[in-house]
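For reference, the structure discussed in these notes is given below.
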Amino acid sequence: MNWGTELWDQYDNLAAHTHKGIEFLDKYGNYVKDRCAIELEYAGKLRRLVKNYQPKRKEEDEYQYTACKAFRQLLQELGDFAGQREVVAENLQSNVVRELHLLAKELREERKQHLNEGSKQMAVLSTAVGSLERARRSYERAARESERALDVFQKADADFNLSRAEVEKQKINMKLRSQACEEAKQEYMDQLRKTNEAQRQHYEQRLPHVFKQLQDLDEKRIKNIKNFMLSSVDVERKVFPIIIQCLDGMEHAAKSINEKEDTQLVIERYKSGFVPPEDFRFEAASGADATDAAAPHATHNHLTAARGTVSGNRIKKRGGLLSIFSSNKKIIEACNSFKNNLSVDGKEDYSDLPPNQKKKKLQAKVHELTKQVGQEQAAMEGLMKMKGVYETNPTLGDPMTVEGQLNECCDKLKKLRAQLRKYEELLTEANNQVCAPPIHPTARTNGAAPTQATSIGSNSESLSRSASESSVSTGTGCTGTGAGPGVGGNSCAGGRAAGGSPESGLGGELAAAHADHANGDHDDNDHDPDNDFYADYYYEADLQPLGYCKALYAFEANGTGSTMRMECGEQLLVLETDAGDGWTRVRRSNTSEEGFVPTTYIATTLYADAHH
C-alpha cells in the first residue's frame, strides 16, 4: 500500500486529507483537555462536599456512635477518591495534552514542507508541459506556412504569365519555409522527449516520494492517537487499585456500623443513675380523718422534682397561659444545662452531674491524672539521669544546671499525686452511690499499675519519647552558646542546658535535700516519701552500651563540654537513646570520651536485648 503508486493523481485530495487528520488530532487534544478540566472540577466539588460535611466542633460528641464514625470514615475515603481524580487529571495533562500539542505542531510543519516540495515538483512538470505546448504550436505554424509556400510555388510554376524571377522567388520562399518547418519539428521532438522524461520522473519518483512522506506523516498521526488513547486508559487503570481501596474502605466503614453498640453508647451517655419515682400516694381532703392526713408519704428523688412533677409531697398546681411558657422555658434551660454537664466540666468534683455521668467523668479524670503522673515520673528519671551523668563526669556539664527543673518537676508531681488521691476518693464514693464495683487500679493505667521511680543505675532503662515530650521545661531561652544542629530550637547544644528539654532547668531544693541526706541531717518523724522518690537517682554506675551508631554527617562540639565532636562515617557506641529532646549520648569505642550528639545526625542500631 503506497500512496505514490495507488494515488498518483490525487495530490489535492491527499493534501486535504492530511489537513483534516491534523484537525482531528487537535480535536482529540481538546477533548482530553476538557476531560482534565472536568476531572479537576469533579475532584474539587468532592473535596468541597467532604469539607462541608465534616463534623463541626459542637458535633464532636455525636461522632462517638458507629454510624457517625462510619460516615466520617466514608468522608475520608471520598477525599482520597477525589485525590485520585486529581491524579488522573494531572497525568492526562502532562502525558497526553502536552504531547498532543507538540505533536500537532510538529505535524503541521512537516506537512507544510512536504506540500511545498510537491508544489515545486508540480511546477517543474507544468513548466515542461508548457514548453512542449509552445514547441508544438511553433511546429504547427511552421508546417502550415511551409504548405502555403509550397502551394504558392506550384501555382507560380504553372502560371506562364509570371516571369522566371517571380517563380524563382516563390521557390526560394518554399525552401525557406520547408527548412523552418523542419527546424520547428526537430525542436518539438526534442521538447517532447524532455517533457516525457520529466513527466516520467515526476509520476514515478518525485511525486511518489512526496506522497510517501505524507503517508508516513498521516500514519504517525494515527499511531500517536492510538498511543494517546492507550496512555489515557493506562492513567485511569493505575489509580484503580487505590480507588478500589477507597471503595473497600467505604464498605468496611459501612459494615462497622453496629446498632447494638450505638444503643449501648446512648445508654452510657445519657444514663443518670437515678431510680424511677415511686407511685403517688392518695392525699386526703382537708376534712378527712387526721390519721389519713398523718399517713407517711413517699419521697421522690431530685430528678423527678427537677422535672416539675413533684415538689416534696405535693403536686404542683398548673398556672395560667403565662405559666405554660415560663415552665417550658425552665424545662429547656434545665435540659440545656444537663446536656452541657455531659460535655463540659461544671464543678470540680462533678457533683452537679447525675451519678452515672459523674462516675464517667471521674474515671476519665483519674485516667488523665495517672497518665500525667507517669509522664512526670519519666521526666524525673531523665533529669536524675542527666544529674548523675554530670556528677560522674563533670566535663560533660554542671550538675547544678538541672536542679531548678528537677525541683519544679518534683513540685508538680506532688500536686498531681494529691489531685489523683482526691479524685480516686471521689470515684470510690461515686461507685458506692451507683452500686457498681470499684474501678480496678490497673484500669487507670491501661492494664499496668502506676509505675514508681526506679534507680538510675539500671543501664537498660531509657526515657520514653512520649514522656519526654510531655515534660518539656517551662523555660524558653537558652543560656548556652547556641542550639545544636538538627534538633529543636529550644534545646541548647551545651549538653542539654536550660530550655526546651526534660533535662533543662536550675534549682537548689534537690541539691539541699541531697546535702542534708549526705550529712545525716534529717528527721525520721518528718519523712517525706516524695523526696525519697528520687533519692536513689543521685549516683549512677558506668553505663553499658545499648547499641552502636554511624555518623551520617560531621558535627562540631560547641565547647561547653557536654557535646562531642564526630566525623562523618565514624562508628560510636550508644549509651543513652534519644529522650525526646533531639540528643543521643554516645562514646568512642577506642577512648573513654563520651558526650551528646544530634540524633538526626546518626543512624542507630540497638542490640537485641536492648529492645526488651
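Odds and ends about this structure:
- Protection proxy ranking, peptides 226-232, 278-284, average beta carbon neighbours within 10 Å, highest first: 226-232, 278-284
- Within the accessible area of region 351-433 (1.4 Å probe), percent carbon and sulfur: 50
- Within the accessible area of region 3-256 (1.4 Å probe), percent carbon and sulfur: 52
- Here r is the Cβ-Cβ distance between THR604 and MET229 and R0 is 41 Å; the resulting FRET efficiency, rounded to 0.05, is 0.20.
- Relative contact order %, region 129-226, counting alpha carbon pairs below 8 Å whose residues are six or more apart: 36
- Each of TRP583, TRP3, TRP8 has its accessible area taken with a 1.4 Å probe; listed largest first, they run TRP8, TRP3, TRP583.
- Net +/- balance of residues flanking ILE257 in space, Cβ distance below 14 Å, scoring K and R +1, D and E -1: 0
- Normalised per residue, the accessible area of region 135-214 is 72 Å², obtained with a 1.4 Å probe and no contribution from ligands, DNA or RNA.
- In a fully extended conformation the segment linking GLU147 and ARG48 would gain 25.9 nm over its present Cα-Cα distance, using 0.36 nm per residue.
- One decimal place: the segment ARG98-GLU236 gains 47.9 nm when fully extended, by the rule 0.36 nm per residue minus the C-alpha distance.
- Other residues within the sphere of radius under 13 Å centred on the Cβ of VAL32, judged by their own Cβ, net out at -2 (K and R +1, D and E -1).
- Calculated FRET efficiency for the pair LEU247/LYS415, C-beta based, R₀ 60 Å, to 0.05: 0.70
- Karplus 3J(HN,Hα) series, Hz, for region 28-34 with 6.51 cos²θ - 1.76 cosθ + 1.60 (x for Gly, Pro): 5, x, 5, 4, 5, 5, 5
- For region 547-606: rounded, prolate or oblate by the Cα gyration tensor [a/c cutoff 1.5]: rounded
- Å² per residue, accessible surface of region 547-606 at 1.4 Å: 42
- Model label points for GLN179 and GLU593, set 7 angstrom from Cα along the Cα-to-Cβ axis, are 11.9 nm apart.
- Summed residue charge, Cβ within 15 Å of ASN95's Cβ, Lys/Arg positive, Asp/Glu negative: 0
- Residues GLU90 and TYR63, FRET efficiency given R0 of 41 Å [Cβ-Cβ distance, rounded to 0.05]: 0.80
- Accessible surface of region 547-606 [probe 1.4 Å, protein heavy atoms]: carbon and sulfur percent: 50
The values are calculated or read from the model by the stated rules, or taken from the named source; none is laboratory data. The shown structure was predicted, so the numbers you read here are calculated from the model rather than taken from an experiment. Quick reminder, even Gly has a Cβ in these numbers, built from the backbone with ideal geometry, and neighbours come from all protein chains shown. To get the accessible areas, we keep the full protein, side chains included, count just its heavy atoms, and leave off ligands, DNA and RNA. Shrake-Rupley method; radii C 1.70, N 1.55, O 1.52, S 1.80 Å.
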